[in-house]
Amino acid sequence: MRNAVLPEQWDPEWTELDLIVVSEVGYFCSPEQWKKLLSLCTKALSADGHLVLCHWRHPIKDWPLDGDDVHREARRRRNLTRLVEHREQDFEIDIYTRTRRGRV
């Protein structure tokens, strides 16, 4: 197990990962930190790896993002393809893979 403050303490040795789960943390980042963390996660995925995002969907007082903001930014990424979307009143789960050439 490893503790790290992300994205600042991202370990460059984290590569070719089959699964990255980001749950209940994206909204604690600034918008810039979240964009950087998404980029780091995407680059660290193996060719067939998956990125799982799970976040609370209600407004969060005094934090720069909420769960909807976090997931909206991931959907904007051209280098991520969403495979699964599950949204309920309280939370959202999305599963992504890296976009392969020829896919948009």
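The values are calculated or read from the model by the stated rules, or taken from the named source; none is laboratory data. All figures in this text were calculated on a predicted structure; none of them were measured in a lab. Glycine gets a Cβ as well: all are built from the backbone with ideal geometry, and neighbour counts include every protein chain shown. Calculation scope for accessible area: heavy atoms of the full protein, side chains included, ligands and nucleic acids excluded. Shrake-Rupley method; radii C 1.70, N 1.55, O 1.52, S 1.80 Å.
Restrict the search to the stretch 1-54; then list the GluC sites (Glu not before Pro) that DSSP places in a loop and that have at most 11 other Cβ atoms within 10 Å of their Cβ. Provide the component values of the computation, followed by the final result.
Numbers: sites: Glu8, Glu13, Glu16, Glu24, Glu32; in loops: Glu8, Glu13, Glu16, Glu24.
Filter output for the stretch 1-54: Glu8, Glu13, Glu16.
Quick one: accessible area per residue over the stretch 19-104, 1.4 Å probe, rounded to a whole number of Å²? Please list the in-between numbers first.
Values: 5020 Å² over 86 residues.
For the stretch 19-104, the solvent-accessible area averages 58 Å² per residue.
What list of ³J(HN,Hα) couplings, whole Hz, do you get for the stretch 10-19 from phi and the Karplus terms 6.51, -1.76, 1.60, once you set θ to phi - 60° and write x for glycine and proline?
After applying 6.51 cos²θ - 1.76 cosθ + 1.60, I find 4, 8, x, 7, 7, 9, 6, 7, 7, 8 Hz.
Applying 1/(1 + (r/R0)^6) with R0 = 22 Å to the Cβ-Cβ distance of Trp56 and Thr15, what FRET efficiency is obtained, to the nearest 0.05?
Numbers: r = 30 Å, r/R0 = 1.35.
The value I calculate is 0.15.
Averaged over every viewing direction, what's the projected area of the C-alpha convex hull for the chain? Give it in nm², one decimal, please. Let's see the in-between values first.
Details: hull surface 27.0 nm².
The orientation-averaged projected area of the Cα hull of the chain comes to 6.8 nm².
Do any chymotrypsin sites (Phe, Trp or Tyr not before Pro) in the stretch 37-104 lie in a loop, going by DSSP, with at most 15 other beta-carbon atoms within 10 Å of their beta carbon, and if so which? If you can, show how the numbers build up before the last one.
Values: sites: Trp56, Phe91, Tyr96; in loops: none.
Here no loop site has a sparse enough neighbourhood.
Between Arg82 and Phe28, what is the label-point separation in nm under the 7 Å Cα-to-beta-carbon projection?
According to this spin-label approximation, the distance is 2.5 nm.
Ignoring trypsin sites (Lys or Arg not before Pro) that are buried or in helix or strand per DSSP, and keeping those with at most 10 other beta carbon atoms within 10 Å, what is the longest stretch of the chain between them? Write out the running numbers ahead of the final one.
Working: sites that count: Arg2, Lys61, Arg78, Arg100, Arg101, Arg103.
Answer from the scan: 3-60.
Work out the length of the dipole vector of the chain about its Cα centre, built from +1 on the beta-carbon of each Lys and Arg and -1 on the beta-carbon of each Asp and Glu, and round it to the nearest 20 debye.
Details: 17 positive and 18 negative charges, 134 e Å.
The calculation lands at about 640 debye.
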